[in-house]
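*Asks:* Right, I'll just put the structure down here and ask away after.
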Amino acid sequence: MKAFEGKAAVITGGAHGIGRAVADAFLREGASVCIMDKQPGEWFVGDVSDKESLERFAEAVAAKCGHVDYLINNALPLMKGIDECSWDEFSYALAVGVTAPFYLTKLLMPHFAPGASVINISSSRDRMSQPQTESYTAAKGGIAALTHAMAVSLAGKVRVNSISPGWIDTTGSDITGADALQQPAGRVGKPEDIAEMVLFLCSEKAGFITGENICIDGGMTRLMIYHGENGWEYRG
């Protein structure tokens with residue numbers, strides 16, 4: 001019997017990249033999968049920033065599956081910086097990255113099965129930044145904090161955890177040279193690296209883990225960078 005036979009997984013932003021890898025991993029292990037994505041396809045097409053679309057999606061999930069075992073909030077927020085990001089764009093990024101995961105979890109609460117799990121996809125940018133990334137970074141920081149808040153509120157009903165990916169190549173490229181070697185792990189990440197952690201956190205093996213954030217970034221956020229050391233040079 002496959003590990004997730006008879007289980008139902010709900011994934012936002014599941015048409016490509018990390019979301020697609022997560023969906024494929026669940027399907028491989030026998031789960032039924034419901035995807036919401038704004039890209040046209042055979043899934044539920046809609047923008048997670050839209051309240052009515054989320055409500056219709058939740059209704060469709062309940063009608064199709066009857067219950068929800070796993071919710072993966074993965075839809076990607078807009079990335080724009082303080083120089084160019086407008087009020088509407090910043091608000092949209094927060095709607096996709098924070099409000100939607102909160103509201104979809106709330107909508108699906110009556111349908112969560114015993115032992116259910118919510119996984120929020122954050123980013124290593126929840127703890128470090130590049131210039132001109134405020135909208136995305138704020139959304140990812142928000143969902144990381146939302147994770148432990150929901151874990152406490154849903155204690156005894158649903159486990160809630162988040163994953164913070166670092167550089168994950170979603171193009172299938174063979175990235176070599178400095179881009180790979182700078183990472184303590186020696187390579188750039190793959191969507192499957194995140195998908196396997198999602199499966200673990202949803203499994204009974206992770207039954208004592210809730211409210212936690214796990215950073216999967218090849219060790220980059222642990223690498224101290226100083227001018228003149230290990231080949232690094234400041235050129236500001």
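*Asks:* If you go through the stretch 176-201, how many residues are without any contact (Cβ under 8 Å) to a residue 12 or more places away in the chain and either of a type in the set (Val, Ile, Thr) or crowded, with 16+ Cβ neighbours inside 10 Å (or both)?
*Replies:* Residues flagged as without any contact (Cβ under 8 Å) to a residue 12 or more places away in the chain and either of a type in the set (Val, Ile, Thr) or crowded, with 16+ Cβ neighbours inside 10 Å (or both) within the stretch 176-201 amount to 2.
*Asks:* Looking at (1) in a helix (DSSP H, G or I); (2) surrounded by fewer than 17 Cβ atoms within 10 Å (Cβ to Cβ); (3) in contact (Cβ under 8 Å) with a residue 60 or more places away in the chain, find the lone condition where Thr170 falls short.
*Replies:* (1)
*Asks:* Within the stretch 125-146, how many residues turn out to be of a type in the set (S, T, N, Q) and surrounded by 21 or more Cβ atoms within 10 Å (Cβ to Cβ)? Can you show your working first?
*Replies:* We begin by selecting, within the stretch 125-146, every residue of a type in the set (S, T, N, Q); these are 129-130, 132-133, 135, 137.
Next cut, surrounded by 21 or more Cβ atoms within 10 Å (Cβ to Cβ) only: 135, 137.
Here the count works out to 2.
*Asks:* Can you tell me which of Glu204, Glu212 is touching a helix residue (DSSP H, G or I) at 6+ places or on another chain (Cβ under 9 Å), of a type outside the set (A, V, I, L, M), over 28 Å from Tyr92 (Cβ atoms) and touching a residue at least 24 places away in the same chain (Cβ under 8 Å)?
*Replies:* Details: Glu204 fails: touching a helix residue (DSSP H, G or I) at 6+ places or on another chain (Cβ under 9 Å).
Only one candidate passes the filter, namely Glu212.
*Asks:* Taking the stretch 70-100, which residues are in contact (Cβ under 8 Å) with a residue 60 or more places away in the chain, within 19 Å of Ser153 (Cβ to Cβ) and either assigned to a helix (DSSP H, G or I) or not aliphatic (A, V, I, L, M) (or both)?
*Replies:* Tyr70, Asn73, Ala100
Residue-wise test of (1) acidic (Asp, Glu); (2) within 23 Å of Thr105 (Cα to Cα); (3) over 15 Å from the mean Cα position of the chain (by Cα).
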{"residue": "Ser129", "(1), (2), (3)": "no, no, yes"}
{"residue": "Gly142", "(1), (2), (3)": "no, yes, no"}
{"residue": "Gly156", "(1), (2), (3)": "no, yes, yes"}
{"residue": "Ser162", "(1), (2), (3)": "no, yes, no"}
{"residue": "Thr176", "(1), (2), (3)": "no, no, yes"}
{"residue": "Asp217", "(1), (2), (3)": "yes, no, no"}
{"residue": "Asn230", "(1), (2), (3)": "no, no, yes"}
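*Asks:* Say we look at the stretch 61-100 and pick out the residues that are of a type in the set (Phe, Trp, Tyr) and under 18 Å from the mean Cα position of the chain (by Cα); which of these is surrounded by the most Cβ atoms within 10 Å (Cβ to Cβ)? Spell out the reasoning first.
*Replies:* We begin by selecting, within the stretch 61-100, every residue of a type in the set (Phe, Trp, Tyr); these are 70, 87, 90, 92.
Checking the rest, the ones that are also under 18 Å from the mean Cα position of the chain (by Cα) come to 70, 92.
On the way: Tyr70: 27, Tyr92: 20.
Step by step, filter the stretch 61-100, then rank; the result is Tyr70.
*Asks:* From Lys140, Lys205, which residue is in a helix (DSSP H, G or I), of a type outside the set (Gly, Ala, Ser) and either closer than 26 Å to Phe4 by Cβ or modelled with pLDDT under 95 (or both)?
*Replies:* Values: Lys140 fails: either closer than 26 Å to Phe4 by Cβ or modelled with pLDDT under 95 (or both).
Exactly one of Lys140, Lys205 is in a helix (DSSP H, G or I), of a type outside the set (Gly, Ala, Ser) and either closer than 26 Å to Phe4 by Cβ or modelled with pLDDT under 95 (or both), namely Lys205.
*Asks:* For the stretch 125-171, which positions are out of contact with any Ser or Thr (no Cβ under 6 Å at 6 or more places or on another chain) and of a type in the set (Ser, Thr, Tyr)?
*Replies:* Matches in the stretch 125-171: Thr133, Ser135, Tyr136, Ser153, Thr170, Thr171.
*Asks:* Next question, about the same structure. Return a yes/no flag: does the stretch 103-111 have any residue that is under 14 Å from the mean Cα position of the chain (by Cα) and more than 20 Å from Ala151 (Cα to Cα).
*Replies:* No - not one qualifying residue is present in the stretch 103-111.
*Asks:* Could you run through the stretch 30-60 and say how many residues are within 19 Å of the chain's Cα centre (by Cα) and either touching a residue at least 40 places away in the same chain (Cβ under 8 Å) or outside any strand (DSSP E or B) (or both)?
*Replies:* Going through the stretch 30-60 one residue at a time, the tally reaches 12.
The values are calculated or read from the model by the stated rules, or taken from the named source; none is laboratory data. Note that the structure is predicted; figures quoted are calculated from it, not measured. Cβ sites come from the backbone with ideal geometry, for glycine too, and all protein chains shown count toward neighbours.
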